[in-house]
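Report on one structure; see the data block that follows.
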Amino acid sequence: MRKFGFYVALAMVATIPGLVMRLAGVHTTPVLDTLIFGMVLLAAGFMLSWSAETAEEHVSQGVAMALLALVTILPEAAVDMYFSFQAGQHPGTDYVQFAAANMTGANRLLIGTAWPLIVVLYWWRSGKRAVELRRENSVEIAFLGLGSIYSFVIVLKGQIDLVDTGALVIIYAAYLWRLGKLPRPESRSMVGSTAGDDDDDIEVGPAAELARLPKRRQYTIMTLLAIVAGAAILFIAEPFAESLIETGTVLGINKFLLIQWVSPLAGEAPEIIITILFVLALRPTSAFGALVSDKINQWTLLVGAIPLFFSLGAGTLGVLPLDARQHEEFFLTAAQSIFAIALLLRLRLSLGSALALLGLFAGQLVLGFIYRNDEASTITVLTYMAWLYIGLAAALFLWNRTFLANYVRYGLFNRPAVYGIEGQDAQSASASVVETSKVAV
């Protein structure tokens, strides 16, 4: 417990400067403010992750994975909800763009960097060129697909409204219900771990120390960590968001791009670092499963909360409009999600597929930076990139069409798979996703 206490104390100390500044109403420079307030979000995110990882020992496997992913998106969700609320209070201002920017950036950053990172690290650590998933992971993939399909409804409407909130919440509720039907393994040391990992008894990180305590003490510490971290995040979201906007002005950096890519880093960093630890401990299936669940939470609850907080800010039922730029940003995010799902149809993500995700994402960043001051060219680039994702995804779906029935039957409805493909149990029955990607390209 000394090690655990040291990490908690370190996280607490990291929050002190930002919380004191917030209480005293003190500000330094925009850049330094952003770093100090961002450190609070980062430290609070770690505390939430430790609490949720320990809680996974006491609930079913799938619900535990969803719990971890849900609490770890709180930092980025708090910032996005602030932007959405301000957009409702100040319609027609940049806050409308910022709300969508933070959401699309968080979603694309997760698939474009975190997913490939897991595969690359696993290859470096073990020499294996793919992360193999289990049949149970088809539940996450199936509901991610359902949410991604619905996202195109938003693209067609050109706005996000409370109808979307209801639909996305229903999808998430169905996801939790389906996860509740998954078995809970006798031994599991991380949210989402399966028998497919090399060693299910390996425990790493501060949460491993907390899990050794008696249950009553575990519950007490978990609750305190969650309360302290949650309060810190909600308290610091406003000054962090505003200092980030001011930083863009002072440094002459495009504020939209700054919010789209820098803001989500504080929210994503804790879970990414924790999943890296599990990959290095040869637990890639656990790590990847948690990241997929994280994406589902972002693509359902995070998107669905935007019109809700927009309406609260407006004081009436409101609709968040997507201008030409935001429409294509959302379109590209939805297209990337569909492509990622297509790569997982054989319940594995290969090194080649991971590099394809990373390469396409890097291309977006480079082109976005090149055309950062040319709105028309930026919109054109976003549109072409989105259609490229969709074209590649269509080829992959066509190539792997026989596997779709498995996702629908088992992933959504808990029925036996038609073709008997169950991830690592049937490696010999499936071709490499690398070959599939090459065919698509």
key: Hey, THR223 buried (at least 21 other Cβ atoms within 10 Å of the Cβ) and β-branched (Val, Ile, Thr) or not   = no
ask   = Regarding LEU133, is this residue closer than 30 Å to PHE413 by Cα and not small (Gly, Ala, Ser)?
value = yes
request  = Take segment 1-48 and flag every residue that is part of a helix (DSSP H, G or I), farther than 22 Å from LEU265 by Cβ, open to solvent by 50 Å² or more (accessible area, probe 1.4 Å) and of a type in the set (Val, Ile, Thr).
outcome  = VAL20
ask   = On the given criteria, is LEU156 at pLDDT below 90 and open to solvent by 10 Å² or more (accessible area, probe 1.4 Å)?
value = no
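Okay, residues lined up against (1) touching an Asp or Glu at 6+ places or on another chain (Cβ under 9 Å); (2) surrounded by 15 or more Cβ atoms within 10 Å (Cβ to Cβ); (3) modelled with pLDDT of 90 or more; (4) farther than 17 Å from SER138 by Cα:
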{"residue": "ALA386", "(1), (2), (3), (4)": "yes, yes, yes, yes"}
{"residue": "ILE390", "(1), (2), (3), (4)": "no, yes, yes, yes"}
{"residue": "VAL408", "(1), (2), (3), (4)": "no, yes, no, no"}
{"residue": "SER428", "(1), (2), (3), (4)": "no, no, no, yes"}
{"residue": "THR436", "(1), (2), (3), (4)": "no, yes, no, yes"}
query = Does ILE370 satisfy being buried (at least 16 other Cβ atoms within 10 Å of the Cβ) and either over 26 Å from ARG134 (Cα atoms) or among the acidic types (Asp, Glu) (or both)?
reply = no
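Working only within segment 319-338, note down all residues that are open to solvent by less than 10 Å² (accessible area, probe 1.4 Å) and not aromatic (Phe, Trp, Tyr).
Within segment 319-338, LEU320, GLN326, GLU329, LEU332, THR333, ALA334, ALA335, GLN336, SER337 meet the criteria.
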inquiry  = Taking the criterion of being out of contact with any Asp or Glu (no Cβ under 8 Å at 6 or more places or on another chain) and at pLDDT 70 or above, would at least one residue in segment 184-205 satisfy it?
reply    = no
ask   = Does ILE276 satisfy being under 21 Å from ARG129 (Cα atoms) and surrounded by fewer than 22 Cβ atoms within 10 Å (Cβ to Cβ)?
value = yes
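Which of the residues spanning segment 226-270 are without any contact (Cβ under 8 Å) to a residue 12 or more places away in the chain and either among the aliphatic types (A, V, I, L, M) or surrounded by 18 or more Cβ atoms within 10 Å (Cβ to Cβ) (or both)?
Hits for segment 226-270 are ILE227, ALA231, GLY248, ILE253.
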query = Could you say which residue among ALA173, ALA100, ALA106 is open to solvent by 40 Å² or more (accessible area, probe 1.4 Å), in a helix (DSSP H, G or I) and modelled with pLDDT under 90?
reply = ALA173
ask   = Taking segment 112-137 only, how many residues are open to solvent by 50 Å² or more (accessible area, probe 1.4 Å), more than 18 Å from LEU277 (Cβ to Cβ) and in a helix (DSSP H, G or I)?
value = 0
request  = State whether one or more residues within segment 342-352 are open to solvent by less than 40 Å² (accessible area, probe 1.4 Å) and at pLDDT below 80.
outcome  = no
inquiry  = Looking only at segment 268-293, count every residue that is modelled with pLDDT of 85 or more and not polar (S, T, N, Q) and tell me the total.
reply    = 5
note = If we keep only residues of segment 410-424 that are open to solvent by less than 80 Å² (accessible area, probe 1.4 Å) and within 15 Å of ALA174 (Cα to Cα), then the residue modelled with the lowest pLDDT is ASN414
note = When (1) modelled with pLDDT of 90 or more; (2) within 20 Å of the chain's Cα centre (by Cα) are applied to ARG129, the one that fails is (2)
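Among the candidates LEU322, LEU244, LEU302, which residue alone is at pLDDT 85 or above and under 17 Å from ALA340 (Cβ atoms)? Break it down stepwise before answering.
On the way: LEU322 fails: under 17 Å from ALA340 (Cβ atoms); LEU244 fails: under 17 Å from ALA340 (Cβ atoms).
Unique residue meeting the criteria: LEU302.
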request  = Could you tell me whether LEU312 is farther than 22 Å from GLU329 by Cβ, open to solvent by 10 Å² or more (accessible area, probe 1.4 Å), hydrophobic (A, V, I, L, M, F, W, C) and modelled with pLDDT of 90 or more?
outcome  = yes
request  = Being among the polar types (S, T, N, Q) and closer than 19 Å to ASN406 by Cβ is the filter here, so list the residues in segment 138-155 that pass it.
outcome  = SER138, SER148
Complete set of residues in segment 82-97 that are assigned to a helix (DSSP H, G or I) and more than 21 Å from the chain's Cα centre (by Cα) = PHE85, GLN86, ALA87, GLY88, GLN89, ASP94, TYR95, VAL96
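The values are calculated or read from the model by the stated rules, or taken from the named source; none is laboratory data. A quick note: this is a predicted structure, and the numbers were derived from the prediction, not measured. As a convention, Cβ positions derive from the backbone with ideal geometry for all residues, glycine included, and neighbour counts pool all protein chains shown. Surface accessibility is based on the protein's heavy atoms, side chains included, excluding ligands, DNA and RNA. Shrake-Rupley method; radii C 1.70, N 1.55, O 1.52, S 1.80 Å.
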